[in-house]
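The values are calculated or read from the model by the stated rules, or taken from the named source; none is laboratory data. What you are looking at is a predicted structure, and each value in this text was computed from that prediction instead of being measured. Virtual Cβ from ideal backbone geometry, glycine too; neighbours counted across all protein chains shown. Ligands, DNA and RNA are stripped out before the accessible areas are found, and what is left, the full protein with its side chains, is counted by its heavy atoms. Shrake-Rupley method; radii C 1.70, N 1.55, O 1.52, S 1.80 Å.
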Amino acid sequence: MFDADADSDSDGPRVTIRLPDEQLLDGALRRRRYDPGPGGGWWYMVELALWGVERGPDGVARAMPAPVTIWAPASMCTPQPGEDYSGVPTDRPGRAATAWLIEQLPAAPAGEDLRVHRRTCAIPTGQVHPASPDLIHRAIAAGATRCTVCAPPMT
């Protein structure tokens, strides 16, 4: 089993996820939600540490950690012993879940370290926090950027 814990600076509780081809990977549980519709159930947002390529100033390709965030059925995820899951953000039907998230980008320069996402976006790799429309407007005024994948409106 691949152990991403050594290369990941993840701060979420660890979970083991079973992929469709039966591989087992360790990841960080970022969020969970309950989908009440037909075929619904609990879903986990899991961050996996995978490899990506980055070219240095010398043009040489180097393998670099490239975290990927996915939604997986909870039935395919196994909690790891000793992990505390009580602080994982949880969306439940019937609760007024915010439509927006603000992501704190881990390595961005000051003033460029916030990004706005739709609540359902699975792209964030930094710390995410639910945000009210008022907070989103203040973040935008302070220079937050808009996710180019989920394209939240910035009005």
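Observations on the model:
- Scanning region 112-123 for residues that are in contact with a Ser or Thr (Cβ under 8 Å, 6 or more places away or on another chain) and free of Cβ contacts under 8 Å to residues at least 60 places away in the same chain yields GLU112, LEU114, ARG115, VAL116, ARG119, ILE123.
- Inspection of region 68-76 finds no residue satisfying the criterion of being in contact with a Ser or Thr (Cβ under 6 Å, 6 or more places away or on another chain), surrounded by 11 or more Cβ atoms within 10 Å (Cβ to Cβ) and modelled with pLDDT of 90 or more.
- Residue in region 11-26 that is most open to solvent (accessible area, probe 1.4 Å), counting only those that are assigned to a strand (DSSP E or B) and farther than 15 Å from VAL88 by Cα: ARG18
- Members of region 42-62 found to be in a loop (DSSP other than H, G, I, E, B) and not small (Gly, Ala, Ser), listed by number: PRO57, ASP58, VAL60
- Scanning region 110-123 for residues that are under 13 Å from VAL149 (Cβ atoms) and at pLDDT 75 or above yields ARG115, VAL116, HIS117, ARG118, THR120, CYS121.
- Hey, ALA96 open to solvent by 90 Å² or more (accessible area, probe 1.4 Å), among the aliphatic types (A, V, I, L, M) and either modelled with pLDDT under 85 or part of a strand (DSSP E or B) (or both) or not: yes
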